[in-house]
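A.B. asks: This is the structure, below, for whatever I ask next.
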Amino acid sequence: MKKIKLIVLVIVCMLIGGLCGYNFNKNVLKPLPAPEKSEGLRGVYDIDKNINEKTIDKYLGRSDVVYRDVRMLEDTATWENKGGERDLTGFVEGFEVVPYAYLTEFPQEYIDQKKSENVSGLYQGKTLFRLESGKYIPNYKESMDILEYLFPKDKTIFLMCGAGGYANFTKQMLGSLGWDTSKIYNVGGYWNYEGNNSISTKIEGSNKCDFSKVPYHNIDFDRLTEVN
């Protein structure tokens, strides 16, 4: 009888151990492929070859990643002249919106380039940082703290925008300010998204959007302390 009880106990322990091992393995995150530039023009914008608009659905919902869409809710630039959109008409589920335009000013060469492409009116209002001789200078005492809160250094960061340009600038900025760019991915543009996790903000029967659906990080510049 004791022998039977011992055998039963061993079997129960093996089953419990197997279930624990199964749950542990199920929750282990697979390593991400290292950032790798795409070919051609997409590579110029540093859009990732492996994690992008076509594949992003496979990489959603990870606890080790923060997902940031760096478009404006209502962009001031005439992106419709280049086949894009001014309004944020939709976003990929899991992404939170942090406008790049509020982080730092656009380089003058980029403004000139967009004008040559018939895109004008890029945002030129208040920003956390400004560019001086290629360096990012804080405009407010809280600028770096806000940036680190929005883009945690201890996480991998996925960046998305409309076509990939704003995401590219955001990655450059973070890298210049001390972020590890091997943990930052430009996953491309929502306008080219081919997945199944899109959330539309369009109001049916209207040309307006319902931005209440958007997980949005507002930067209230009026409450910040300017650096003289």
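Read-outs: derived from the displayed coordinates by stated rules, not from any lab. Please read all numbers here as calculations on a predicted model, not as lab measurements. Cβ coordinates were reconstructed from backbone atoms using ideal geometry, including for glycine residues, and neighbour counts include every protein chain displayed.
A.B. asks: Treat every Asp and Glu Cβ in segment 31-223 as -1 and every Lys and Arg Cβ as +1, leave all other atoms uncharged, and give the resulting dipole magnitude about the Cα centre to the nearest 20 debye.
C.D. replies: Around 180 debye, computed over segment 31-223.
A.B. asks: Efficiency by 1/(1 + (r/R0)^6): what FRET value for SER120 and PHE211, r their Cβ-Cβ distance, R0 = 22 Å, to the nearest 0.05?
C.D. replies: Using R0 = 22 Å, I get an efficiency of 0.40.
A.B. asks: Given axes a ≥ b ≥ c from the Cα gyration tensor, I'd like to know whether segment 106-228 is rounded (a/c under 1.5), prolate (a/b larger than b/c) or oblate.
C.D. replies: Judged from the Cα gyration tensor, segment 106-228 comes out rounded (a/c under 1.5).
A.B. asks: Let me ask something else about it. For TYR216, what residues show an amide H to amide H distance below 5 Å, using hydrogens built from the backbone and excluding near sequence neighbours?
C.D. replies: VAL97
A.B. asks: Let me ask something additional. From the cross-link list LYS155/LYS183; LYS30/LYS155; LYS37/LYS183; LYS153/LYS213; LYS37/LYS171, which pairs have alpha carbons spaced over 18 Å apart?
C.D. replies: In this structure, LYS153/LYS213 exceed 18 Å between Cα atoms.
A.B. asks: Rounded, prolate or oblate: which fits segment 157-228 when a ≥ b ≥ c are the square roots of the eigenvalues of the alpha-carbon gyration tensor, with rounded for a/c under 1.5 and prolate only if a/b beats b/c?
C.D. replies: oblate
A.B. asks: Students often check this: by mean Cβ neighbours within 10 Å, which of 214-223, 52-61, 159-168, 99-108 ranks highest, and how do the rest follow?
C.D. replies: My ranking of the peptides, most packed first, is 159-168, 99-108, 52-61, 214-223.
A.B. asks: Follow-up question, since we're still on this one. Taking 7 Å along the Cα-to-C-beta vector as the label spot, tell me the THR76-ASP112 distance in nanometres, rounded to one decimal.
C.D. replies: Simple spin-label model gives 2.1 nm for this pair.
A.B. asks: Residue by residue through segment 185-197, what is 3J(HN,Hα) from phi via Karplus (6.51 cos²θ - 1.76 cosθ + 1.60, θ = phi - 60°)? Round to whole Hz and write x for glycine and proline.
C.D. replies: 10, 8, 8, x, x, 4, 4, 10, 5, 10, x, 10, 10
A.B. asks: Could you check the spin-label model distance between SER198 and VAL28? Points 7 Å from the Cα along Cα→Cβ, value in nm.
C.D. replies: Simple spin-label model gives 3.7 nm for this pair.
A.B. asks: Given only helices, namely DSSP H runs of n ≥ 4 each adding -39500 (n - 2.57), what is the per-residue ellipticity at 222 nm of the chain, to the nearest 500 deg cm²/dmol?
C.D. replies: Mean residue ellipticity, 222 nm, calculated: -8000 deg cm²/dmol.
A.B. asks: Can I ask one more? Determine ³J(HN,Hα), in whole Hz, for all residues of segment 74-83 in sequence, where each value follows from phi through the Karplus function 6.51 cos²θ - 1.76 cosθ + 1.60 and θ = phi - 60°; x replaces Gly and Pro.
C.D. replies: Values per residue, Gly and Pro as x: 9, 6, 8, 7, 8, 5, 4, 6, 10, x Hz.
A.B. asks: Between ASN218 and LYS155, what is 0.36 nm times their sequence separation minus the Cα-Cα distance? Round to one decimal in nm.
C.D. replies: Stretched fully, the ASN218-LYS155 segment lengthens by 20.6 nm.
A.B. asks: Starting from the amide H of LYS49, placed 1.01 Å from N in the peptide plane, find each other amide H under 5 Å away whose residue is 5 or more places distant or on another chain.
C.D. replies: Placed amide hydrogens put GLU36, LYS37, SER38 under 5 Å from LYS49.
A.B. asks: Could you derive backbone 3J(HN,Hα) for segment 48-65 from the dihedral phi with the Karplus parameters 6.51, -1.76 and 1.60 (θ = phi - 60°), listing whole Hz in sequence and x where the residue is Gly or Pro?
C.D. replies: Each residue of segment 48-65 in turn: 5, 6, 9, 10, 8, 4, 7, 10, 4, 4, 6, 10, 7, x, 7, 6, 8, 10 Hz.
A.B. asks: For segment 49-121, what Kirkwood radius comes out of the mean inverse Cα-Cα distance, in Å?
C.D. replies: Every distinct Cα pair counted, the radius reaches 14.2 Å.
A.B. asks: For GLU148 and SER182, compute 0.36 nm times the residue count separating them, minus their Cα-Cα distance, and round to one decimal in nm.
C.D. replies: Fully extending the segment from GLU148 to SER182 adds 10.6 nm.
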